[in-house]
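Structure first, then comments.
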Amino acid sequence: MPETSSASPAARGIVPVSMAHYARDFGGFSRDLGASFERYGFAVVADHGLDMDLIGAAVDDARAFFALPEAVKCRYHRPGTGGARGLTPFGIEAAKDAQAADLKEFWHTGRELPEGHSYTATMPPNLWPEEIPTFRAHVEGMYEALDALGRKLLRAIARHLGLADDWFDDKVQLGNSVLRLLHYPPVPADAPGVRAGAHEDINVITLLLGAEEAGLQLKEKDGSWLDISPPPGALVVNIGDMLQRLTNHVLPSTTHRVVNPAPERRGFARYSTPFFLHFNPDFLIETLPSTITPDTPDRYADRAITADDYLAERLREIRLL
């Protein structure tokens, strides 16, 4: 079993897996990671090796950006683009079928493509706030680090699914992945909604830093809500709808939310940095044959869809398109 710190409790049931085992016991790491995903749709990954100084610098730049006057921030909002790049202002995104918008604002940075690449039709150039001179270097560095770590985790997921370790490599190497810098402002007592309503992620897997602040919860199979409280610095990883669809729900995309803080914490902002790892836009999502059995027939028979079409469909549902 992977080592965990007895001084740092797991996410109340989710036992952390350690990346220290990735090189020396890849099979064991893959089994433990996959078992956590099959049980919860989530995993907690410790000892991930990310440069926390770089991460801290990127988060500091995000704090500085969100502290700018609204008129300045809104220069970086591009309506009608689905929030693909730059700022999505407070009160726009909402969980599917929710009555109230989420209590958050965020910034999206995506992949930098070679000039003239065919994917530029769906993956626009990034925006960079000129008011924060170090923003681009720090955020690009964070993006690249999380992208590389995500590909490593996908190799473990492939092993767990009985696929070749490199099965995902050429399906995500130019994926429409985005790094979201999230700001949840202080919450007034009469706030009409929650920081993030109950939802599932659209993408392949999500890598989340900044979940130590209370509020993130996942929905258990019995309908109860489980607090996710990872050890300091650990990464929370969850399955998105695209991977759930690909695996015929062997790996579930679990409903989760960010609830409003306790009264004593309402005056504090919350920052987190989910990295939404996506397939290449033209990847065709169709059920893996190995996940189809007499007891688990194909839930998506004759319903293959490209990653880009699926993304657009879901963005309309959450009011970003």
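The values are calculated or read from the model by the stated rules, or taken from the named source; none is laboratory data. Everything numeric here is computed off the predicted structure, so don't read it as measured data. Backbone-built Cβ (ideal geometry, glycine too); neighbour counts: all protein chains shown. Side chains are part of the model used for accessible areas, which takes the heavy atoms of the whole protein and leaves out ligands, DNA and RNA. Shrake-Rupley method; radii C 1.70, N 1.55, O 1.52, S 1.80 Å.
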* State the number of residues belonging to the stretch 114-151 that are within 30 Å of TYR22 (Cα to Cα) and surrounded by 14 or more Cβ atoms within 10 Å (Cβ to Cβ). => 14
* Is there a residue being closer than 29 Å to ASP60 by Cβ and either open to solvent by 60 Å² or more (accessible area, probe 1.4 Å) or touching a residue at least 40 places away in the same chain (Cβ under 8 Å) (or both) anywhere in the stretch 153-164? -> yes
* Would you mind stating whether LEU181 is in contact with a Phe, Trp or Tyr (Cβ under 7 Å, 6 or more places away or on another chain) and touching a residue at least 24 places away in the same chain (Cβ under 8 Å)? => yes
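Please verify whether LEU33 is closer than 22 Å to ASN203 by Cα, surrounded by fewer than 21 Cβ atoms within 10 Å (Cβ to Cβ), touching a residue at least 24 places away in the same chain (Cβ under 8 Å) and under 19 Å from the mean Cα position of the chain (by Cα), treating the condition exactly as stated.
Spelling it out, it is not the case that LEU33 is closer than 22 Å to ASN203 by Cα, surrounded by fewer than 21 Cβ atoms within 10 Å (Cβ to Cβ), touching a residue at least 24 places away in the same chain (Cβ under 8 Å) and under 19 Å from the mean Cα position of the chain (by Cα).
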* Asked: What are the residues in the stretch 56-78 that are closer than 13 Å to GLU105 by Cβ, under 20 Å from the mean Cα position of the chain (by Cα) and either of a type in the set (Val, Ile, Thr) or open to solvent by 60 Å² or more (accessible area, probe 1.4 Å) (or both), if any?
  -> ARG63
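Take the residues of the stretch 210-223 that are open to solvent by less than 50 Å² (accessible area, probe 1.4 Å) and modelled with pLDDT of 90 or more: which is nearest to PRO186 (Cα to Cα)?
Filtering the stretch 210-223 for residues that are open to solvent by less than 50 Å² (accessible area, probe 1.4 Å) and modelled with pLDDT of 90 or more, the one nearest to PRO186 (Cα to Cα) comes out as LEU216.
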* Structure fact -> Scanning the stretch 90-112 residue by residue, those surrounded by fewer than 21 Cβ atoms within 10 Å (Cβ to Cβ) and either closer than 18 Å to VAL194 by Cβ or without any contact (Cβ under 8 Å) to a residue 12 or more places away in the chain (or both) turn out to be PHE90, GLY91, ILE92, ALA94, LYS96, ASP97, ALA98, GLN99, ALA100, ALA101
